[in-house]
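The values are calculated or read from the model by the stated rules, or taken from the named source; none is laboratory data. Remember, it's a predicted structure, so these values are computed and weren't measured experimentally. Neighbour counts are summed over all protein chains in view; Cβ atoms, including those assigned to glycine, are modelled from backbone coordinates with ideal geometry. Keep in mind that these areas ignore ligands, DNA and RNA; they rest on the heavy atoms of the full protein, side chains included. Shrake-Rupley method; radii C 1.70, N 1.55, O 1.52, S 1.80 Å.
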Amino acid sequence: MVETKFPKLRTSVPASEANLWEPELLNESYKESGPRSLWVDYCMNSTIHGFKYLVGNKRTTIERIWWVVVCLLSLYGCGTLIHSVYIKWDKEPVVVTFGEKPVPVFTIPFPAVTICPETKVRKKDLDFTTAYQLYNDEELWQFMAKEQIDKLEALLQVCDFSFGIEMNNDSYADDVVPLLQRMAIPFEDMFLLCGWREQVINCRDFFKETLTEAGICYTFNSLAADDLMRRDQLHSEYEYMAENQSSKQWNMDEGYSSRAGGDTYPRRAFGAGRRAGLFVITKVQISDMDYMCGNSFQGFKVHLHSPVQYPRMVNEFFRIPLSQEVSVSVEPLLFDTTANVRRYDPSRRLCYYNHERYLRYFKVYSKYNCDIECLSNYTLKTCGCVPFPLPRTKDDRICGMGKASCADMALSVLEEMDLLHELNKTDNFLEHCNCLPSCNALFYNTEISQAMFDWRKLAENIHLIAGVDDNTELSYLSIYFKVSRFIPIKRSELFGISDFLANCGGVLGLFMGVSILSIVELVYYCTLKPLIARTRSGNDRAETARVVKSTLILPPPEYGLAGDIRIRKATTNKCPDHPEQLMMSSYPLCPYFGYAVLVPASLK
């Protein structure tokens, strides 16, 4: 007898024996039964919080509405906060803070110093008070020489106070600068002694002539005219600056090069205090002083500015009175912009690098230089001429006394430009000025102290001062850095791309538990998943279901029982419950695993 062994069949576990509190079974009543749509499949498997509660056969309508409202509120909260983060990143990507560590003062140039005398002319060249009184006399003015009138009109353009009277109706004064240069106080009558870093120096080597609103002035440590201004765009009638020492080892954006030595230009100090600074002793001849032109002030005007800035004496200056010692303690204010801010548009970072903003008359961009050029262009457009200290082309004419009120009005309009811009009342021309601050800029804050300079008492005992008599008044000026190290102002990136993404990710994670993988999951269900499902369904339709036919398992031929087979109808008999009972049962034909098992009758 042949023994046949069958594998044991898997028996079902009674429901009573199952653990009803398993996590997989706890939610079974809420899961979709049967084929599920893509949306249902996504909601059931999504890692985004709350979506799985939107589907399920046995969820009530109230549950669905509740979770729909909760999800919509979460989406609204996410959208609102992300929008506010984006607005802040877009509108204010740059923050201005203090630097992390102090910077020594030798990394920046010493301030440029422009000195202008209140006395504009020597008495032997023109007595301004007498000439002014004669000109206003209805009977005597006609006896004045034309040269005297021309000199008087030229001085009226640089005097502080002209009593608001326009001397004539001439609109242009093309010869005003040569007249001012011929009448100017000689250099040796202004400077007595100079010193730099505790070394006595030749004042003429350090101070160069500069043309300003106050007339002929002298500047220390400014950039050369070829480095600061575009000579090819300017007229050739006169020079604005006489400085000719080039600054090859320094620029505003990069600072001093590693090859720059101690005597490089622009000059720099190596520490704080008087010993590391500049001192100047100035002088005035009492016989040349005129109280009408200077508006009763005597002495000098001093303006401290950056070497890359063209000096203007209109508002920013302090005075050196006669017989006074003025001590100026300087604290630098350096604005430095980090490299990662450079990729932002100037309208977003609100500053210009030197190569980003072209100026017609200046090679170096600064807000002050841009304002000067804007004033020159606006005055030309409004009045048809340009004041003599402002840059102009060879085709533009110089404004005379007849255009003084128009030029003053143009200056007043530009001074109110920022306020008018805020009130949205500026015209198109003012919008074109676009004078944003420089990304890298240098300013100097000053603290001024003053005391009596009784130099006559010293001169009585020690004869150290030559060329000074009773007709001379002296003043003493010292300028130095207050500290040897200072903390710069740093313009850096407030929100970078990584910061913006981190803020957005934090908001999404807080409200909905969204991560990068959640976004990848969403993309997967929107693209790859439908494509795979469509491909799979097409393949299933292409394959027809194969019908498995029952095969009679016959004994070997040597038994000779192939023709003696008894077959009973399977419909009239019941097969045993267990396959091992087949050989013992009286049912010769029973299906088992898709096959018909045939038992020969002779074996029974």
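Things to note:
- Single residue of the stretch 466-495 satisfying the filter (under 16 Å from the mean Cα position of the chain (by Cα) and in a strand (DSSP E or B)) that is nearest to Ile448 (Cα to Cα): Ile489
- Only one of Ile87, Ile149, Ile115, Ile108 that is more than 39 Å from the chain's Cα centre (by Cα) and either open to solvent by less than 70 Å² (accessible area, probe 1.4 Å) or not aromatic (Phe, Trp, Tyr) (or both): Ile149
- Residue list for the stretch 497-514, restricted to those being under 14 Å from His49 (Cβ atoms) and open to solvent by 60 Å² or more (accessible area, probe 1.4 Å): Leu510, Phe511
- Single residue of the stretch 360-376 satisfying the filter (under 30 Å from Val105 (Cβ atoms) and out of contact with any strand residue (DSSP E or B) (no Cβ under 7 Å at 6 or more places or on another chain)) that is surrounded by the fewest Cβ atoms within 10 Å (Cβ to Cβ): Asp371
- Candidates are the residues of the stretch 362-413 that are acidic (Asp, Glu) and under 22 Å from His303 (Cβ atoms); the one that is nearest to the chain's Cα centre (by Cα) is Asp371.
- All of (1) open to solvent by less than 20 Å² (accessible area, probe 1.4 Å); (2) part of a loop (DSSP other than H, G, I, E, B) hold for Gln298 with one exception: (1).
- Of the set (1) open to solvent by 10 Å² or more (accessible area, probe 1.4 Å); (2) modelled with pLDDT of 95 or more, all apply to Leu192 but (2).
- Considering residues of the stretch 345-359 that are in contact with a Cys (Cβ under 7 Å, 6 or more places away or on another chain) and aromatic (Phe, Trp, Tyr) only, the residue least open to solvent (accessible area, probe 1.4 Å): Tyr353
- Extreme residue, farthest from Arg312 (Cα to Cα), among residues of the stretch 229-275 that are aliphatic (A, V, I, L, M) and assigned to a loop (DSSP other than H, G, I, E, B): Ala260
- Test: Ser492 is open to solvent by 80 Å² or more (accessible area, probe 1.4 Å) and over 30 Å from Val328 (Cα atoms): no
- For Thr379, the requirement of being hydroxyl-bearing (Ser, Thr, Tyr), over 29 Å from Leu156 (Cβ atoms) and crowded, with 19+ Cβ neighbours inside 10 Å is not met.
- Comparison of Glu356, Glu316 shows that the only residue that is among the charged types (D, E, K, R), assigned by the TED database to the domain that holds Leu192, farther than 24 Å from Glu415 by Cβ and part of a loop (DSSP other than H, G, I, E, B) is Glu356.
- Only a single item in (1) modelled with pLDDT of 80 or more; (2) open to solvent by 80 Å² or more (accessible area, probe 1.4 Å); (3) within 40 Å of the chain's Cα centre (by Cα) is not met by Leu531, and it is number (3).
- Count of the stretch 44-84 residues, restricted to those that are under 19 Å from Ile516 (Cα atoms), open to solvent by less than 40 Å² (accessible area, probe 1.4 Å), assigned to a helix (DSSP H, G or I) and modelled with pLDDT under 85, is 1.
- When residues in the stretch 174-228 are screened for being touching a Pro at 6+ places or on another chain (Cβ under 8 Å), within 20 Å of Val121 (Cβ to Cβ) and in a loop (DSSP other than H, G, I, E, B), 3 of them pass.
- Counted residues, the stretch 321-344 - those being over 14 Å from Leu442 (Cβ atoms), open to solvent by 30 Å² or more (accessible area, probe 1.4 Å), among the hydrophobic types (A, V, I, L, M, F, W, C) and within 15 Å of the chain's Cα centre (by Cα): 1
- Some residue of the stretch 159-175 being at pLDDT 90 or above, open to solvent by less than 20 Å² (accessible area, probe 1.4 Å), closer than 29 Å to Cys385 by Cβ and in the same structural domain as Ala441 (by the TED database): no
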